[in-house]
1. Do you know which residues across segment 45-69 are more than 25 Å from the chain's Cα centre (by Cα), part of a loop (DSSP other than H, G, I, E, B) and surrounded by 13 or more Cβ atoms within 10 Å (Cβ to Cβ)?
2. In segment 24-42, how many are surrounded by fewer than 16 Cβ atoms within 10 Å (Cβ to Cβ), within 25 Å of the chain's Cα centre (by Cα) and part of a strand (DSSP E or B)?
3. Here's a check for you: in segment 70-82, which residue that is without any contact (Cβ under 8 Å) to a residue 60 or more places away in the chain and in a strand (DSSP E or B) is farthest from C27 (Cα to Cα)?
4. Are any residues in segment 198-230 among the basic types (K, R) and either touching a residue at least 12 places away in the same chain (Cβ under 8 Å) or in contact with an Asp or Glu (Cβ under 9 Å, 6 or more places away or on another chain) (or both), and if so, which ones?
5. Restricting to segment 39-91, count the residues that are touching a helix residue (DSSP H, G or I) at 6+ places or on another chain (Cβ under 9 Å) and on the phi > 0 side of the Ramachandran plot.
6. Check every one of the helices (runs of 4 or more DSSP H) wholly within segment 94-201 and list those with 2 or more residues that are outside the structural domain of V63 (by TED's automatic domain parsing) and at positive phi.
7. Is there any pair with a first residue in segment 125-137 that is free of Cβ contacts under 8 Å to residues at least 60 places away in the same chain and a second that is surrounded by 14 or more Cβ atoms within 10 Å (Cβ to Cβ) and not hydrophobic (A, V, I, L, M, F, W, C) whose Cβ atoms are under 6 Å apart and which are 6 or more apart or on different chains, and what are they?
8. Mind listing just one residue for me: the one in segment 188-244 that is more than 21 Å from the chain's Cα centre (by Cα) and among the acidic types (D, E) and, of those, surrounded by the most Cβ atoms within 10 Å (Cβ to Cβ)?
Amino acid sequence: MANSQTHFLRSSVLPFELRYSDNSNACYKKHSHPEFSIGVVDSGVSEYINQNLKQEISVGSTVIINPEAVHSCNPKTGTNWSYKMLFVQPDWLTDLQNSISGTEKSEFQLFKQKHSRCSTLYQDFQSLSQVLIENESPLLVEESAITFFSNLILNDLKAPFINIIPKQATHLAYQYISDNVDNNISISEIARESGLSHFYLIHSFKKQYGITPHAYQMMMKINKAKILLKKGNDIVSIATDLGFTDQSHFHRHFKSIVAATPRQYKKNR
């Protein structure tokens with residue numbers, strides 16, 4: 001029996017559940033579930049069945065499974081595999097689909113694609129999974145998920161994204177983030193303030209300012225932290241007051257922007 005353990009991670013921010021396992025030989029009967037699911041193979045070779053599709057998949061493969069679709073995915077006989085699988089409540093995706101299309105459909109729109117070898121999709125899923133596992137910022141979790149699934153929807157529709165949002169609406173989002181540097185605000189709060197949907201908020205903000213809402217929020221937090229460090233404030237207190245989950249979270253983001261640790265920066269003020 002393989003020495004493996006399956007992990008289940010339920011997001012505190014979104015209706016998501018991430019399941020991941022290393023070196024597993026566990027097998028599943030054909031089954032279905034009400035959630036939409038998408039997953040990747042990290043190692044090994046597996047047999048993937050999704051309704052009328054049956055094929056071997058390996059590292060770099062991404063599987064896409066609509067709600068209630070009968071499927072299975074198991075390691076090739078006599079082998080082990082590693083994988084990640086993300087389960088998403090359909091209502092959340094339906095809202096995003098409507099936001100992108102500008103419609104008010106009540107039912108989830110089925111994805112046409114069931115399998116992909118696209119390296120970009122594979123890497124983007126790995127990045128989203130890492131954000132969900134770390135779960136360090138609600139804004140980053142929402143932003144990452146909306147960006148990933150927006151691209152998935154647009155690619156499945158083979159539709160280009162057209163941004164026709166007035167600049168004033170995006171500026172309201174920009175100003176709201178600026179005014180709430182100390183708070184861990186959510187995408188929903190920013191969207192409500194600007195009058196934009198979650199989808200258009202993220203895409204429009206990046207197009208207008210060249211940076212995502214979360215990246216801008218983090219930049220403003222670090223700029224304020226620099227001011228407080230130069231005043232001699234305590235590092236632990238700064239991290240707490242600016243809404244960082246812990247010191248390592250603060251340390252990592254500070255160094256990525258300033259190229260020095262908070263302690264180094266304070267010492268040379």
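1. Of segment 45-69, the ones more than 25 Å from the chain's Cα centre (by Cα) are 45-47, 49, 51-56.
Applying the additional criterion that residues be part of a loop (DSSP other than H, G, I, E, B) yields 45, 51-52.
Result: V45, Q51.
2. Taking segment 24-42 first, the residues surrounded by fewer than 16 Cβ atoms within 10 Å (Cβ to Cβ) are 26-34.
Checking which are within 25 Å of the chain's Cα centre (by Cα) leaves us with 32-34.
Now drop any that are not part of a strand (DSSP E or B), which leaves none.
Residues meeting the conditions: 0.
3. Here is the first cut: in segment 70-82, the residues without any contact (Cβ under 8 Å) to a residue 60 or more places away in the chain are 70-79, 81.
Then drop every residue that is not in a strand (DSSP E or B), which leaves 71-75, 81.
Values: H71: 12, S72: 9, C73: 8, N74: 5, P75: 7, W81: 11 Å.
Checking each candidate, the answer is H71.
4. Initially, segment 198-230 is screened for residues among the basic types (K, R), giving 206-207, 221, 224, 226, 230.
Those that are among the basic types (K, R) and either touching a residue at least 12 places away in the same chain (Cβ under 8 Å) or in contact with an Asp or Glu (Cβ under 9 Å, 6 or more places away or on another chain) (or both): K207, K221, K224, K226, K230.
5. 1
6. Numbers: elements: 119-134, 138-157, 167-179, 187-194.
Filter on segment 94-201 gives an empty set.
7. If the second residue must be surrounded by 14 or more Cβ atoms within 10 Å (Cβ to Cβ) and not hydrophobic (A, V, I, L, M, F, W, C), the pairs left are L128/S144; V131/S144.
8. This residue is E193.
The values are calculated or read from the model by the stated rules, or taken from the named source; none is laboratory data. Everything quoted here is computed from the prediction, not taken from an experiment. Using ideal geometry, Cβ is built from the backbone for each residue, glycine included, and neighbour counts are taken over all protein chains shown.
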